[in-house]
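Reading through the structure tokens given below for one structure.
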DNA sequence: CATGAATGAGACTTCATTCAT
DNA sequence: GATGAATGAAGTCTCATTCAT
């Protein structure tokens, strides 16, 4: 559910989300007539590269994907890759960011009009699982440990893991304020624990082909128990 | 224990365990002549290689550690590496197993005579944190995602992550039986969630230099809340 | 003295030399209306490119300077480079020619009204050293070995080295005719020796931060000794 | 005479000189039985690589010679190159050193029993020209400007140019002491001038196919005039 | 005429593994 | 059993040049 082969159905949603973002950018670029042609061409290349990168990073993982493969898959020259990304790592981080933005956008919808704390947790998890179902392997790939990416240690960029942990922390703070979550919880730590648990649990569920609904149910219950004010 | 898979009770505090075996060997050697000497030499090489591998895998990670480095660090010839390990991956898995065994042995002590469920969780976590303090980086390295290790996908071996998740599952089952943990918990899933949470939480705590005791306290509370029967 | 950072003082002289050529062109263009605008625009681009090329070839050397760098430094598009120069080598040779013309123009002034043979040598050297002081690195760059420039061997163009060696040969012939220089000297060979000596000596003086006046004095004496009729 | 096509006659002398040096090394290694086998194999590889490097650097120049070409020419694997040289530059410098040692050894013979200052100059030049005749292109290649070799500027190693300039400086000092050379000469500067002159003059003579004996004669005369005490 | 995105051959270097000694 | 020299496929990235806009 959270790993393995990329599907065809995937790309539609992906491209949609990406398009929306890019449309925004283009829209911002404004009414200019000339610049847009150039810009469009370059953006098109970048889009193709990023889509190819996503496919390959998901399918093969970071170390098994060569810039060359990405270029070929994207149907552009080898050099074009380096026109858009400083290096392989930058490309991976761009993929990772894209996935994060995409999931967050996805979740935002999921949470629309959700009232209770328990429902929110369930809907977020449901969103993640649905995203994982329609974008197989993307989350697993995007959550790749930063430590295996760079030679010199720190990357400097905020990886999705941290980003999402922070997101959870914000939510937990809100629930603490509303009295739904226990006031004694360290929300940042709890955020990290939850993200770690989701990552591991998702991988386990995918590997052993567990029933998604049951897992969702269970995880919801466990997280609620962990956080709920009593 | 001559080649291949590292052993069960063996690697106490690695070096200690090895010493014990060697003492055994030496004792045995008593009457023996040639064969034993050879065995000792081989074991000695393997021990040095494994110790070097651990140092380097911890310090630099899997991809940044080359068999040559391990051999040099161990003070043996490069070819010797392949007398003891089929390939680099096998060596890493041996390290990983060693660390798992070591931690389990460490935890076994920690749990001696612990009665209540809450105390058990606290003591296990305390054990993990203490082990991490005395063996910095080892757990993080040993928990390296299987997906970044091999080219062809599956490894076939049970990685520490799974192993420890199973361990937690067994404990949870026990606690369910004694009525301390909620009967409705899926212990295997919960085991994975906990391992993921510990991994992520530990990395977060280490990265941000959090106070270990506070983290320990918090994590204990959260896990207890998650599991406890009410 | 003969190397290092390009200065502002440089550009004035450069532009002057180039301007003279351009003025000719513009004058020729005469009454034309449209053509002139285009021509001016094109010349402007070429001038900017050449100035940028000089800065970069001096600062980084031939192999470390890419056409792209030159274009960016010149503030024109990358493609524009190839509108003005057949390839990178042609651009370098243009730079080299420009420097040669410039130095010759510079020296012509220096030699105005110099009578004796010894004074002439001293004034030429002084001119070279002054030029080097106000155009740091330009001569060193312009004297780059032809052999490191092209893949296929010969370049076909006369490089400054040869050009200047020929210049010295002409002078020496003159001095031979006037009885000041020894008649038995092979002036072409001597010209090359002198140019080689100046190049090497200048590099040495620059590298070791020698006192310019002393070096000038010494070199003058040595060359005079070498050539003088006795 | 000092450039262009490498010949067959070349290699014999080269290898001889190299062998002598290496025999010395091996001899030093002493009577050891075991180590020698290994050492011999490695030295053999290095010798083949260095011979290949010399051939290619001479024939094509530094920038047109790839490590890969050197390995193939030497009949060893690509990786072997990096077993012996840290990088391409290190290999070039090794070649350069070898040539310097070789020429110095060559010249030492030439100078045996030469008494007068004029004879010494003539014999040194004759030695250089003879070396150039039997090792075509080697000196021109070895005298490659340090500035075109490395990206970051300084190399740190003393190039043959400097080395030989220093050699001349020592000789000139000696001649000054014996009263043969003018006492007012700055020997270090003069050394550089002479090396530059020889380099340039040699290149000119080679390019224009001048008669070696005439050039030798002329250069001797000019240098003697330059240095002689009167 | 001007632009700058695109190109792809090819540069240098690394490293897991083998094999002669 | 031990050694370490040797291997060569593969990796990442550059850059002189072209060409669609």
- Task: Return B:82, C:204 ranked ascending by Cβ neighbour count within 10 Å, so the fewest neighbours appear first.
- Result: B:82, C:204
- Message: Could you list D:57, B:106 so that the one with the fewest beta carbons within 10 Å of its beta carbon is first and the one with the most is last?
- Response: B:106, D:57
- Query: What are the nm distances, shortest first, from residue B:207 to its equivalents in the other copies, labels at 7 Å along Cα→Cβ?
  - Reply: 2.2, 5.0, 6.2
- Can you list the distances in nanometres, one decimal and ascending, from the residue C:184 label point to the identical position in each other copy, with the point 7 Å along Cα to Cβ? 2.3, 10.9, 11.6
- Query: Between copies, how close do the residue A:75 label points come, placed 7 Å along Cα→Cβ, listed in nm from shortest?
  - Reply: 4.0, 5.0, 6.1
- Calculated FRET efficiency for the pair residue C:90/residue C:229, C-beta based, R₀ 41 Å, to 0.05: 0.40
- For the range D:178-230 and the range B:93-123, compute the distance between their C-alpha centroids and round to whole Å. 83 Å
- Where along chain A is the Cβ that lies nearest the axis linking it to chain C, and how many Å separate them? A:79, 3
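With a Förster radius of 30 Å, plug the Cβ-Cβ distance of residue C:133 and residue C:44 into 1/(1 + (r/R0)^6) and report the FRET value to the nearest 0.05.
E(calc), rounded to 0.05, equals 0.55.
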- Footprinting exposure proxy for A:54, D:55 (fewest neighbouring C-beta atoms within 10 Å first): D:55, A:54
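We did not get these values from a lab; they are worked out from the coordinates using the rules stated. All values derive from a computational prediction rather than experimental measurement. Neighbour counts run over all protein chains shown; Cβ positions are idealised from the backbone, glycine included.
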